[in-house]
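First up is the structure itself, then whatever we jot down about it.
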Amino acid sequence: MGHSAGLLGRQEESGLVTRLVREARHGRGGALLIVGDPGIGKTTLLQATTGETAEPTGMRLVRVHGFEAESQMPFAAVQRLVIPLRGYLPALPERHLRALEVASGTAAGPPPDRFLIGLSVLSLLAAAGAQEPVLCSVDDAHLLDPESLDALAFVARRLEVESAALVLAARDSPAVEAHLAGVPRLRLGGLSLEHAVRLLGTTLPEPIDPAVAAQIAVATGGNPLALTDLAQELTVRQLTESSLGDEPFPVGRRLESFYLRQVRALEPGLQKWLLVAATDATGDHDLISEAAAKLGLPDGAAEGAEAAGLVELGSTVRFRHPLVRSAAYNAPVGRERRQVHRALSEVADSMGLLDLGAWHAAKATLGTDPAVARRLEQTADRAGERGGFSSRAGVLTQAGALTPPGPERYRRLVTAAEAALAAGTAQLAKDLVDDVDEDDVDEPTRARLLSLRAQWALFTADPALVRCGADLMEAADLLHGHDDAHEQKVLLQAWELSLPAERLTSALSWEQLGHRAERAARLEPGIQAVLLEAVSAHLLLPFEEAVPVMRHAANLLVELPAEELLRFGHSGAALGTALWDEQVRRKCLERWAQAARDAGSLQQLDSALWVLSLTETSLGNPRAATGYMEQVRELRRAIGYEAEHVINVALLAWTGVPRERVLAMAEATRSAGFGGVHSSAIGALASIDLAGSRFREAYDLLLPIIEEPFFHTTPVVYPDFIEAAVRSGHTDQAQVVLDRLQGRALACATPWVLGVTARCQALLAPGPSAEKHFREALEQLGESTVDAELGRTHLVYGEWLRRARRRRLAREHLQQAAQVFTRLGADAFRDRAHRELQAMGDPPAASGPADGPAPTPALTVQEATVARLAAAGRTNAEIGATMFLSTNTVDYHLRKVFSKLGISSRRQLSDRLQP
């Protein structure tokens, strides 16, 4: 079917693609996914609008096709896309270049995350587009390996101001929908009746009755391929007779049957050659020729198939349509197909194509075959080394199916489930786990099963999260005596995966976990042993005795190499909180986030940014917390999700969401097993109550948390509880909790805890004696980075001074408090400071979310995030790495920010963003 005929009735659709290409020429990159049923014209539209035999004027064309045989070879399609652009590889950042090399198997190294590969391809397209606009055309995208599909989907969602366009064509399927979520799409249907009749009329060699043509068009659903093939294969008389009978016209599955009859009409040698070509699926001419020769086929078979109009020969072999290939593959009986697979396997092995050889060997196997299963497992291992966890899971699943029932089969299925979860395909992981007979596995494999279930519960926010710790304790017991390092790792997971549930954790004895960690710490020296000692001390020892052990572990964590820190980010946050050391905690979390960025591990980065947001919320810094949540949402948009995995409900409380809604959402997270999120939300509401002088309400909210303490999170709400208790007339309880806080201060001796302790002492001190405690609190907190606590100390000291009629000094401290809260976005406390100033006769402050010029109302979320990072001194490259954007896109957003804010430099930007 010619391009002009193929585009009949597709002017609007082709205009969309043409416009995308035109925009890319002018530095406005973008992407489009064309989806539809077989024969509907996706490939024709793709070829006609992006160029088939010649490159579009003024653009470099890179074409990639999906092949079934490569669908489980990780990053196979990415590798083919990179080859024509390899001249631009030296322009890439080192980590992007290294990631592409490891993914392609040309270098050894840690397996790269598929989204790091996506960012690397984005950087490559940006570099190439800077020299000449680039158009990437990807046909049969539904046959791409999942890693390439994810990487290209990432690119499609991030192309903005690069001189590059990406157009993909795929059959409509749930898998394509899932991988390419968020990518603009063009869904092709059948041609309109008018255009279908015109296409049939222009393709037939002689005129046809319009009524008959209309009936044929309706019967085929306007499918262009069905119409043109009917016109080429049937005469006008045959078409007219068929339109009067009951036999349906070939379309959909019937269209494949139509081609099947064509294939079976050929001589046996041609049928067999077509079977070889269809079975290969890569289009490799040399591979097909050698396999055909091995099977004794005549030399002219390829030319005969081309003469029949079913294939096109060149450097590769291409079927005229996927349904022709399907018909050629399905025409023979299964025995013949397996014979051809076997021949292709042997030829692929002789050519060094081991993974392809293993794939064909599996297809040639009936029943189980341990030797082929071992080959597939080796292929899966190579996929894992290249970061192909989805492919690894798929190949291991095949290996399991070829393994006789028993421990070896189930071990492979468990390994496949681990790979599936690492790739983010949680449902596949669960299905694989469900296929394992737990009574027929050894103890280490059963331990891995328990660990998988715990990680799955966290990944999917399943209520089973509350018993993760108990399951992992059991897993550690099963590993004892088999694998010391793995036993230590699982016990640390039992600790870390129990933290989100906090008090909701069920079937787990914290004391037993502490003793178990203590014993495991002696098994094998290293950072895991040090952390287990710290966990044990935290859970079992008096706090003052535990502090040195926890401090030693925290100091080691801060200095860990980045790739190791990825494993222990949650422990770093917990230990920093327990030690009242916000600087150690922030450093651990920021290094965790940076390590995740460098590795391209977006799941890890998502976790690190979310925890950073939660900790900044707990520190009373809504503005910083919001910045991190914006990064979380930007990140999740880049990987195809619309919202965060678990909502930071505490931040919603700070940003003015109605109390009833916050309480409802907090209860929902509690029901899902996230007790920590629930507690943080209640703590945030209590802080808002304190800011609004609703002291009794704050007391009532915090009392259950105090009465049922959780190791390191409850003490950080001691200062709020003490203020609420003092101001609501519960001084005895305030004193009891102050005694506990003083014990923490003596043990930790950090400016943060010393400062808030001194402030609480001032609240309970009689008369003038309070002042020395206020001054001590200001001095200590001035050396910390917990600005909200410093602001709150200025606030309560200013209130105390006003009541002591020392108005001038009171005004100074209240104004300082208001400035701090304005900078942090803590509007509720800022308003409390303003109320105190008004009580002294100062004019009312301007209402709104912040004093002074508001920096971002006119900015999009992405622009605001870029602006904040630039104001903090980040380079364009650093901002791009943080937000997973190209430097071109960062520069584009900064220019828009400068224009909107009426500034011309980063220095002005920094000034403008400071309230």
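The values are calculated or read from the model by the stated rules, or taken from the named source; none is laboratory data. This is a predicted model, so every value here is computed, not measured. Glycine gets a Cβ as well: all are built from the backbone with ideal geometry, and neighbour counts include every protein chain shown. The accessibility values were calculated without ligands, DNA or RNA, using every heavy atom of the protein model including side chains. Shrake-Rupley method; radii C 1.70, N 1.55, O 1.52, S 1.80 Å.
How far, in nm, would the chain grow between D435 and D209 when pulled straight, counting 0.36 nm per residue and subtracting the alpha carbon separation?
Separation in residues times 0.36 nm, less the Cα-Cα distance, equals 75.5 nm.
Mind checking which of T445, W456, A417 is farthest towards the positive end of the stretch 417-472's charge dipole, using Cβ charges of +1 (Lys, Arg) and -1 (Asp, Glu) about the Cα centre?
Checking the options against the dipole of the stretch 417-472, the answer is W456.
Roughly how much of Y718 is accessible, in Å² to the nearest 10, using a 1.4 Å probe?
Rounded to the nearest 10, that gives 10 Å².
Sort 614-622, 406-414, 774-782, 348-356 by packing, meaning the average of other beta carbons within 10 Å per residue, with the highest value first.
614-622, 406-414, 774-782, 348-356
Enter the Cα centre distance for the pair the stretch 794-824 and the stretch 481-496, rounded to the nearest angstrom.
Computed from Cα coordinates, the inter-centre distance equals 51 Å.
Please compute the net charge surrounding R448, taking Lys and Arg as +1 and Asp and Glu as -1 over other residues with Cβ under 13 Å from its Cβ.
Local net charge: -3.
With n ≥ 4 as the cut-off for DSSP H runs, can you work out [θ] at 222 nm for the chain, using -39500 (n - 2.57) per run divided by the number of residues, rounded to the nearest 500?
Rounded to the nearest 500, it is -20500 deg cm²/dmol.
Give me the count of lysine pairs in the chain whose alpha carbons sit under 22 angstrom apart, restricted to pairs 8 or more positions apart or on different chains.
So the count works out to 4.
How high is the relative contact order of the stretch 359-469, in percent, with contacts defined as C-alpha pairs under 8 Å that are six or more residues apart?
After rounding, I find 19 percent.
Which ³J(HN,Hα) values in Hz, rounded to whole numbers, follow from the phi angles of the stretch 489-497 under the Karplus curve 6.51 cos²θ - 1.76 cosθ + 1.60, where θ = phi - 60° and Gly and Pro get x?
Those phi angles translate into 4, 5, 5, 5, 5, 4, 5, 5, 6 Hz.
Under unit Cβ charges (Lys, Arg +1; Asp, Glu -1), what dipole magnitude, rounded to 20 debye, does the chain have relative to its Cα centre?
2840
For the pair Q815 and A749, what calculated FRET efficiency results from E = 1/(1 + (r/R0)^6), where r is the Cβ-Cβ distance and R0 = 41 Å, to the nearest 0.05?
The pair A749/Q815 has a calculated efficiency of 0.85.
From the Cα gyration tensor of the stretch 314-394, with a ≥ b ≥ c the square roots of its eigenvalues, which class applies: rounded if a/c is under 1.5, or else prolate if a/b is larger than b/c, or else oblate?
prolate
Accessible area of I527, 1.4 Å probe, to the nearest 10 Å²?
Surface accessible to solvent at I527 totals approximately 30 Å².
Taking K and R as +1 and D and E as -1, what net charge do the other residues with C-beta under 9 Å from the C-beta of G675 add up to?
+1
How high is the relative contact order of the stretch 140-234, in percent, with contacts defined as C-alpha pairs under 8 Å that are six or more residues apart?
Answer for the stretch 140-234 is 26 percent.
Shape of the stretch 50-194 from its Cα gyration tensor (a ≥ b ≥ c, root eigenvalues): rounded if a/c is under 1.5, otherwise prolate when a/b > b/c, or oblate?
Cα axes put the stretch 50-194 in the oblate bin.
Name the GluC sites (Glu not before Pro) in the stretch 673-750 that are in a loop by DSSP and that have at most 16 other C-beta atoms within 10 Å, would you?
Sites meeting the loop and neighbour criteria: none at all.
With each label point set 7 Å from Cα along the Cα-Cβ vector, what nm distance links L366 and E524?
4.6
Using Cα pairs under 8 angstrom and six or more residues apart, how large is the relative contact order of the chain, in percent?
Rounded, it is 8 percent for the chain.
Karplus couplings for the stretch 504-521 from phi (6.51 cos²θ - 1.76 cosθ + 1.60, θ = phi - 60°), rounded to Hz, Gly and Pro as x?
Calculated HN-Hα couplings, in order: 7, 3, 10, 6, 10, 9, 4, 5, 5, 4, x, 5, 5, 5, 4, 5, 5, 4 Hz.
Whole angstrom only: what separates the Cα centroid of the stretch 125-187 from the Cα centroid of the stretch 704-725?
If you average the Cα positions of each part, the centres end up 50 Å apart.
Just for the chain, what percent of DSSP beta bridges are antiparallel, to the closest 5?
Looking only at bridges with both residues in the chain, the antiparallel portion is about 15 percent.
Test of understanding: what is the full-extension gain from E12 to V646, defined as 0.36 nm times their sequence separation minus their Cα-Cα distance?
224.1 nm
What Kirkwood Rh does the stretch 589-657 have if only Cα atoms enter the pairwise 1/r average? Answer in Å.
12.0
Given +1 on the Cβ of Lys and Arg, -1 on the Cβ of Asp and Glu, and no further charges, what dipole in debye does the stretch 376-504 carry about its Cα centre, rounded to the nearest 20?
I would put it at about 520 debye.
Report the charge-dipole magnitude of the stretch 381-446 in Debye, nearest 20, computed about the Cα centre from +1 at each Lys and Arg Cβ and -1 at each Asp and Glu Cβ.
It works out to roughly 440 debye.
Could you compute the FRET efficiency for E312 and V861, with r as their C-beta to C-beta distance and R0 at 60 Å, rounded to 0.05?
It comes to 0.80.
What's the FRET efficiency of R22 with S506 using the Cβ-Cβ distance as r and R₀ = 60 Å, to the nearest 0.05?
0.50
Work out how much length D598 to A461 would gain on full extension: take 0.36 nm times their residue separation and subtract the Cα-Cα distance, in nm to one decimal.
46.7 nm
Quick one: which of 110-118, 443-451 comes out on top by average Cβ neighbours within 10 Å, and what's the full order, highest first?
Per-residue Cβ counts within 10 Å, averaged per peptide and sorted highest first, yield 110-118, 443-451.
With a 1.4 Å probe and all protein chains kept in place, how do R895, R744 rank by accessible area, largest first?
R895, R744
Out of L531, M550, A485, whose Cα points farthest toward the positive end of the dipole of the stretch 424-567 (charges: +1 Lys, Arg; -1 Asp, Glu; placed on Cβ)?
Positive-most Cα among the choices belongs to M550.
First select every other residue whose beta carbon is under 11 angstrom from the beta carbon of F711; then total the charges, Lys and Arg +1, Asp and Glu -1.
0
Apply the a/c threshold of 1.5 to the C-alpha gyration tensor of the stretch 671-752 and tell me whether it is rounded, prolate or oblate.
Oblate, because a/c is 1.5 or more while a/b does not exceed b/c.
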